[in-house]
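Since the structure comes first, as structure tokens, the remarks are kept for the end.
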């Protein structure tokens, strides 16, 4: 069974602060995705990283895939209240799996004014 | 383009009762997924369909959960009888096909409370 552990589980910060969310596994993934989920809605895809060591930037969000493709991080610069939500990483396995995703445990972020 | 539709949005039932959820995927999407999400946790895949065939149901508690996608479009997920631990949000998602890399689009979910 492939497991993805996220840390921290909860994060409450002030507007303008920086933060990093980690996603770790003992398994190798062919690709890794990050989602944000707001209350009452389904997760929305933010980014997909595929190559070990890959770094992708999306405005104030920076995503990195570990060299060994077992871990990933999400860094947010100058957080804003609109960044509040549940952040989820999700890995796609190496052995086929038919687009099956294994989701991480989640990080609940709250950004206050 | 319309997104994934789910109904009902909320359902409250007593334990041992039965309940059914409905999902209408994005038009043209061959692959449909049902996930269970316990409050504050990541979604867990219950079942994956490709058209009207099951691709993966390894994590579906088959003694009480069932799902179908008879015409390869809409899908229903049923729980009978419900237990307290079934309280969760049930998410439906769809993708163009089941090959890796196809983005999954999620519906808003159905929040089930079992009393």
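Using the basic label-point model (7 angstrom from Cα toward the beta carbon), what is the residue A:77 to residue B:97 distance in nanometres?
Placing both labels 7 Å beyond Cα along the Cβ direction yields 3.9 nm.
Relative contact order of chain B, please, whole-number percent, based on alpha carbon pairs below 8 angstrom and at least 6 residues apart.
That works out to 37 percent.
Compute the FRET efficiency between residue B:74 and residue A:10 as 1/(1 + (r/R0)^6), taking r as their Cβ-Cβ distance and R0 = 30 Å, and round to the nearest 0.05.
So the FRET efficiency works out to roughly 0.20.
In the Gaussian network model of chain A, springs joining C-alpha atoms below 10 Å, which of A:73, A:31, A:12 carries the largest mean-square fluctuation?
A:12
Mind checking the mean number of beta-carbon atoms from other chains within 10 Å of the Cβ atoms in B:94-102?
4
For chain A, what is the relative contact order in percent, using Cα pairs closer than 8 Å and at least 6 residues apart in sequence? Working shown, then result.
Values: 294 pairs, mean separation 41.2, N = 113.
That works out to 36 percent.
FYI, it's all coordinate maths here, none of it is from the lab. Note that the coordinates shown come from a computational prediction; the quantities given were computed from them, not determined experimentally. All Cβ positions, even for glycine, are placed from backbone atoms using ideal geometry, and neighbour counts span all protein chains on display.
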